[in-house]
Amino acid sequence: MNDDDDKTLAEQGIDLSAWEPQLPPSDFAERVVRKARAEGAPARSPARSPARAMALGAAAFAAAAAIALGVGLRSTDGDGRARATERREVAIGGRAIAVLEPGAAVEWHGDDVTQSAGDVFYRVSPGGRFVVHTSAGDVEVKGTCFRVRVGGESRSDKDMQARDVKSGAIGAAATALALVAVYEGKVAVSHAKETVTLSAGQAATAGPDGVKRVPGEGAAAPEGSAASDDPTQAANKNLVETVSDYKRRLEAIEEQKRGLEKQLASAKDKLEAAQRDGAVTLAKNEFDLSQEDWADLAKTGTIKYRMPCQRAEGWKPSAEKLSALGLAPHDAETIGDAYKRVNGRVWDKVRPLCVQALGSADAVDKIGARTCEHLIFDVAAASDASGAEAAKRAVAEMRAGLRPLPKAGDKLHPVTQLFLVLTEANSWLEQDLTQSFGPAEAHRLAYHEDMCHASSEWGGGPKPK
């Protein structure tokens, strides 16, 4: 560079002596010369004069100076670096845009970015791995809008003096802490072996003390920041709102669909019944027994019942079951809670009878309610077969209204107590569900085949004399 070139830069207010030299790659000048030849020379160019060679050398020096002044250059393999003295936008790799605030510095190799200082807003298109490295931790994303601030608040143009850069003021001390704020999508912030995942509207700091969540900067970029000025970010915000609206509308349609499916099922039942015998009556579950049904069973001493399945971990309908039942997703919790309450009520009554028959509370807790049903009857029948049979038949007659139900304090045979509980358990479930679904819907659910249940039928023996 000659004296005239120095004078021109000074007149422009650029003091190259204040900047830390940034050396270009060893083959940089050769690449610039080759580029200039390809673009400016004719197909067959004669040997260049010394003056033209000097001009090309000056172009190479100007390109090197541009690197030092913060003008990011990218080679054909996707590498580059940039430092900003004012807000500026650079393209990184093949799918990212970075908006640098004054004082920010980045360097990249493809989708691998190192941010050494300042405040940078990133917009990354969905794709593979994209990582921003800072001295305080790493940020990994897969398509999102986020912001990384290294070394506290971003500097203003006035603060970003040339002597700060040259003296190394933006160094290790300033980059000991990084703030990451997410505006859209998700990012993973890591330091050492600690990783925290952030969603839109969340933020975290990374530093010597690890990764810590902090109050988020909001789902939208702050006013006056690089993010708020980015038209891509505004478009993304509108798109997110549109997607949310579509999701709400789809959920409403799904709710209507389930209601129509329930009405269709009811109409089919009525049509089937009408075609069968001309009476519009719904098909009844075989375990939904009336007093007349019990009277028929009492003639042979038969006991028949359906009860909620007994599981230690409880039962909650899956998404497929909810769809078959014509229910909404939030109904799963309601049904699960009802099963827990009824199971507890059954076990409170069956467990003492089982302990009495087996003689070991620990053993009873291991075998559970379903095994206890048979154990209580078998132990009673082993010592008095006719007495156990009479006790079972008594329950059928009580359900048929042929004899009164017991009163509080009445002394009952263990088998009678057992079958009174088992034949009433499904009614307890129906009563519990009525609080949330109403009587008609609760009755339908209590006997629906897609609910979890156990069904049993105990045949009658000879009637005791």
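Odds and ends about this structure:
- Rounded, prolate or oblate (a/c below 1.5 giving rounded, otherwise prolate when a/b exceeds b/c) for segment 333-401 by Cα gyration tensor: oblate
- Proximal lysine pairs, segment 337-417, alpha carbons under 18 Å, eight or more residues apart or interchain: 7
- Gain on full extension, evaluated as 0.36 nm per residue between ALA265 and ARG129 minus their Cα-Cα distance, stands at 44.0 nm.
- What the Cβ-Cβ distance of SER386 and GLU457 gives, at R0 = 22 Å and to the nearest 0.05, is a FRET efficiency of 0.60.
- Here the label points at HIS330 and ARG95, each 7 Å from Cα along the C-beta direction, are separated by 3.7 nm in the simple model.
Every number here is computed from the coordinates shown, using simple stated rules; none is lab data. Just so we're clear, the structure is a prediction, and the values are computed from it rather than from any experiment. Cβ: placed from backbone, ideal geometry, glycine included. Neighbour counts: every protein chain shown.
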